[in-house]
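Reading through the structure tokens given below for one structure.
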Amino acid sequence: MNKIVLLKDDITKVPVEAIVNAANTSLLGGGGVDGAIHRAGGPAILAECQKIRNRQGGCKVGDAVITTAGDLPAKYVIHTVGPHWHDGQHDEETLLKNAYLSCFKLVKEYGIQTVSFPNISTGIYRFPKVLAAEIALAVIDQCLRENANIEQVNLVCFDEENYDLYSKILGQ
Ligand code: ADP
């Protein structure tokens with residue numbers, strides 16, 4: 001757990017090897033963190049996303065794909081798609097867990113040692129924030145145990161509410 005660093009920041013401003021994007025299934029950009037990443041990263045990211053779309057038709061909920069980071073202070077962007085929260089009866093918890101796991105699969109495959117995560121699904125997709133944080137931390141803890149190559153996982157909170165609740169859970 002000491003490899004986890006909690007930050008209150010804009011994820012596009014934090015230098016790291018890989019930035020995780022809370023994308024949507026189209027991979028064509030959107031609002032929230034997705035919009036911020038494409039704006040700051042420039043057109044190279046969208047160009048690669050379009051190639052992936054042509055190849056496999058976007059990205060399913062719970063899956064992840066990797067592209068260049070363009071002009072961002074990173075080498076890669078890992079685009080994952082978290083679930084929309086409906087009522088908790090639509091596999092939301094499993095799908096959010098799968099989104100984090102899919103990112104860590106690519107982290108392993110690309111030998112990535114430092115990675116930043118936003119609070120996937122807790123914005124426009126309205127996943128309950130405490131439950132999302134518990135799921136995120138459980139997966140991160142498990143993946144840190146399984147992959148000793150990872151040096152640092154940044155949890156980059158943009159809104160005060162997420163930052164405060166992560167601070168509480170992590171005891172900071
Ligand atoms: P989703 O559709 O997965 O809910 P959002 O982008 O709406 O995605 O929200 C996910 C989280 O990203 C929210 O907690 C939101 O506060 C946060 N967020 C928005 N912009 C940024 C940013 N520039 N850096 C880091 N986090 C951000």
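The values are calculated or read from the model by the stated rules, or taken from the named source; none is laboratory data. This one's a predicted model, so the numbers in the text were calculated from it and none came from an experiment. All Cβ positions, even for glycine, are placed from backbone atoms using ideal geometry, and neighbour counts span all protein chains on display. Ligands, DNA and RNA are excluded from the accessible area calculation, which covers all protein heavy atoms including side chains. Shrake-Rupley method; radii C 1.70, N 1.55, O 1.52, S 1.80 Å.
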Divide by every residue of the chain the summed helix terms, -39500 (n - 2.57) for each DSSP H run of at least 4, and state the resulting mean residue ellipticity at 222 nm, rounded to the nearest 500 deg cm²/dmol.
-> -13500 deg cm²/dmol
What is the calculated FRET efficiency for LEU6 to ASN147, with r their C-beta to C-beta distance and R₀ = 25 Å, to the nearest 0.05?
-> 0.80
Rounded to whole Hz and in sequence order, give me ³J(HN,Hα) for the range 59-73 from the Karplus expression 6.51 cos²θ - 1.76 cosθ + 1.60, θ = phi - 60°, writing x for Gly and Pro.
-> 9, 6, 4, x, 9, 8, 9, 10, 9, 4, 9, x, 8, 6, x
Have a look at the DSSP beta bridges in the range 4-170 and tell me what percent are antiparallel, nearest 5.
-> 25
Per-residue SASA entry for TYR110, accessible area with 1.4 Å probe, Å² rounded to 10 | 100
State, to one decimal in nm, how far the label point of LEU131 lies from the label point of ASP159, with both points 7 Å from Cα in the Cβ direction.
-> 1.5
Using Cα centres only, tell me the gap between the range 66-85 and the range 1-42 in whole Å.
-> 6
Net charge near VAL65, counting Lys/Arg +1 and Asp/Glu -1 over other residues with Cβ under 12 Å of its Cβ?
-> +2
If you look for lysine pairs in the chain that are eight or more places apart or on different chains, how many of them have Cα atoms under 15 Å apart?
-> 7
Under a Cβ-Cβ cut-off of 14 Å, what is the net charge of the residues other than ASN162 that fall near it, where Lys and Arg count +1 and Asp and Glu count -1?
-> -3
Solvent-accessible area, 1.4 Å probe, carbon plus sulfur percent, for the chain = 49
Taking amide H positions as placed 1.01 Å from N in the peptide plane, with prolines and chain starts having none, which residues 5 or more places from LEU6, or on another chain, fall under 5 Å of its amide H?
-> LEU155
